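J.: Below is the structure I would like to discuss, written out as structure tokens.
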Amino acid sequence: MIQLALETTGTNGSIAVLDGKNVLLDRRFGRLRRTAAEIAGQLDGALRWCEQQERRPAAIAVAVGPGSFTGLRIAITTAKTLAYALEIPVIPVGSLAAIAAVTLHDRPAGHALVGLNAYRRQVFAAEFSREELTRDNLIHRCDDRAQVLSRGDWDRRVAETLELSDWVIAGDRSIHSDSAADRVSACEHSDAVGVGLVAAGLVAGSALQPPKCFSDPFTLSARYLKPSAAEEKAASR
């Protein structure tokens with residue numbers, strides 16, 4: 001299955017085209033200009049490439065959180081619009097599972113601890129094993145695994161993980177001390193590739209036709225895990 005994978009969960013974004021779990025195209029963007037300003041051009045380039053290669057996408061996989069509130073809205077709105085226009089389904093993928101998948105795809109380690117900045121001294125965190133991310137019949141149970149930790153709890157989790165030989169730490173470097181940040185894994189491929197790897201496993205691991213991981217574009221929603229600062233302020237009134 002040819003799929004277009006998209007993620008804009010943080011400051012930057014990425015887009016990838018995969019055939020199953022084989023990476024055909026991988027591009028990162030948002031470093032020089034805002035992600036919102038670049039995403040349309042990047043999508044156009046990826047779709048033109050697919051047309052030239054005669055590889056029409058059969059689905060769109062998108063990272064749906066947790067992550068940046070604005071970033072998630074950009075990716076999800078884009079995926080909804082494109083899926084509706086192309087009349088293809090959407091596959092929602094957990095952001096942390098995607099990061100773990102691409103991290104372990106590039107390394108021999110057996111486990112990954114993933115963290116993203118949830119702001120206000122909190123961290124979106126989750127642990128994953130290579131086995132559950134690479135075995136299609138197990139990937140369903142870890143796709144939406146994520147929790148919100150205090151910064152103190154996260155720091156303790158990181159300290160424990162640094163003592164383990166078969167683990168890697170992935171995600172956002174900004175949530176670590178300088179010494180720990182040097183141990184955060186940098187991947188050859190973008191997080192969009194991780195989105196595609198997880199999506200391919202979800203499709204292959206589904207016993208239903210069409211696969212139960214397919215979502216109607218109109219029902220697609222973000223996994224925020226926590227209210228925004230504005231929502232917390234309104235609730236406290």
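J.: How high is the FRET efficiency between Ser174 and Ala40 when r is their beta carbon distance and R₀ equals 35 Å, given to the nearest 0.05?
T.: 0.80
J.: Treating cross-link reach as a plain straight distance, find the aspartates and glutamates whose alpha-carbon is under 12 Å from the alpha-carbon of Lys21, omitting any fewer than eight places away in the same chain.
T.: Asp136
J.: Please list the radius of gyration and Dmax for segment 116-237, considering alpha-carbon atoms only, with Å as the unit.
T.: Rg, Dmax (Cα atoms, Å): 17.0, 48.
J.: Whole-Hz ³J(HN,Hα) for each residue in segment 112-128, computed from phi via Karplus 6.51 cos²θ - 1.76 cosθ + 1.60 with θ = phi - 60°, x for glycine and proline: what do you get?
T.: 9, 9, 10, x, 10, 5, 9, 6, 6, 6, 10, 9, 7, 9, 6, 10, 9
J.: Please report, to two decimal places, log10 I(q)/I(0) for the chain at q = 0.07 Å⁻¹ as given by the Debye formula with identical point scatterers on the Cα atoms and no solvent.
T.: -0.21
J.: So which trypsin sites (Lys or Arg not before Pro) in segment 126-162 are both in a DSSP loop and have at most 15 other Cβ atoms within 10 Å of their Cβ?
T.: For trypsin sites (Lys or Arg not before Pro) across segment 126-162 that sit outside H, G, I, E and B with at most 15 neighbouring Cβ atoms in 10 Å, the list reads Arg135.
J.: Restricting things to alpha carbons, find the Rg to Rh ratio for segment 51-103 using the Kirkwood radius for Rh.
T.: Result: Rg/Rh = 1.03.
J.: Give, in nm to one decimal, the length gained when the segment between Asp19 and Glu131 is fully stretched (0.36 nm per residue of separation minus the Cα-Cα distance).
T.: 38.2 nm
J.: Right, something else. Compute the orientation-averaged projected area for segment 133-189 from the convex hull of its Cα atoms and round it to one decimal in nm².
T.: Values: hull surface 20.7 nm².
Average of the hull's projected areas for segment 133-189 equals 5.2 nm².
J.: Let me have the relative contact order for the chain, percent, based on Cα pairs under 8 Å that are six or more residues apart.
T.: 25
Coordinate-derived values only; no laboratory data. Note that the structure is a prediction, hence the values are computed from the model and not measured. Ideal geometry is used to build each Cβ from the backbone, glycine not excepted, and the neighbour counts take in all protein chains shown.
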